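See structure below.
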Amino acid sequence: MRGMRHGPAVRRRKLGEELRRLRLDAGLTSGEAAGLVGWHQSKVSRIETGASGVATADVTRLLDAYGVAEPRLRALLEALAGAADGGGSGWWHAYRGVIPPQYRDFISLESQARTVRTLETSVVPGLLQTPEYARAVTQSALDGLPTTTVDSLVEVRLTRQEVLRADPPLEFSAVLDEAVLRRQVGGPGVMRAQLRKLVEWGALPHVRLQVLPFTMGGYIGLSGPFVIFSFPNISDLDVVVLDHLTSSLYLERNDDLDAYSAAFRAMQEHALSTDDSLELIAGISDGA
């Protein structure tokens, strides 16, 4: 389907487009840019079209050649080079033997995003899970894994939560189907602790939780969960991620982004307010 690609390919194309824009802003032809960094012109062209990957060090050389000094922009593009190459040198790189490239790419995007908006219809978002809940979800979704592998996957999930404690922290908005709160993942004790943790997360100024109650009936998000990543400085790098059992699909056309952003806004409008949502979560936890 056009507009649907695996993550690394999306990163390469989008990174290439941004590097081309910066080259043009610097008033350089692709041949002139290649000469500045000692490459053949065809290498610059392949990078800009996304036909080939680019190492983080090469992105740094191009940014230097183009006179790009803004720190956040440089950090984002250098990180995207790592994502496009399937994981880069971030902390998640140490888990490359445990987590697949698509998941490493997802984590890399998450680590560089300014905001994340997500709809969840069955489980608590990974960034908000307790260790016990994360373990129960992992064991259920990937039955038969060795204990050491489960331990590593839970560790990855918990380490991801550091983006919510960073300075500045990730701005995180989630719309949760009430089924997320009612499903007894891990049993009553695990679920009770998870719901109480949700209330704690929801009290933070950069975390916004809203619940779509059962009484609402059908809604636009019933077709499945999704995540929208938005990045600082470059809105054209925004991307929607759709999770499947064995892979993730990335939507990056403007039409797709507009449609999912509009759907998320509509669900926020129809969901309970943040205060009412946290009150509902607390009430369910008391009865769990």
Subject >> the chain: relative contact order in percent, alpha carbon pairs under 8 Å with at least 6 residues between >> reply: 20
Original post:
Can you give the direction-averaged projected area of the convex hull of the alpha-carbon atoms in the stretch 81-231, in nm²?
Top reply: 9.6
**OP:** Round to the nearest 0.05 the FRET efficiency obtained for L204 and S42 when R0 = 35 Å and r is the Cβ-Cβ distance.
**Re:** 0.10
Original post:
How many percent of DSSP beta bridges within the chain run antiparallel, rounded to 5?
Top reply: 55
Subject >> Counting all C-alpha pairs of the stretch 131-186, share separated by more than 12 Å (%) >> reply: 72
Subject >> Förster radius 45 Å - calculated FRET efficiency between D276 and T49 (Cβ-Cβ, nearest 0.05) >> reply: 0.40
Original post:
Per Stokes-Einstein, at 25 °C and 0.890 mPa s, what whole-number D in µm² s⁻¹ belongs to the chain, with the Kirkwood radius over Cα pairs as the hydrodynamic radius?
Top reply: 121
Original post:
If you add up the charges near V211, with Lys and Arg at +1 and Asp and Glu at -1, over every other residue whose beta carbon is less than 14 angstrom from its beta carbon, what do you get?
Top reply: -4
Original post:
With each pseudo-label sitting 7 Å past Cα toward Cβ, what's the R165-S261 distance in nm, one decimal?
Top reply: 3.2
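Bear in mind these aren't lab numbers, they're just calculated from the coordinates by the rules spelled out. Source: prediction; values computed, not measured. Positions of Cβ are generated from backbone atoms using ideal geometry, with glycine treated the same way; all protein chains shown enter the neighbour counts.
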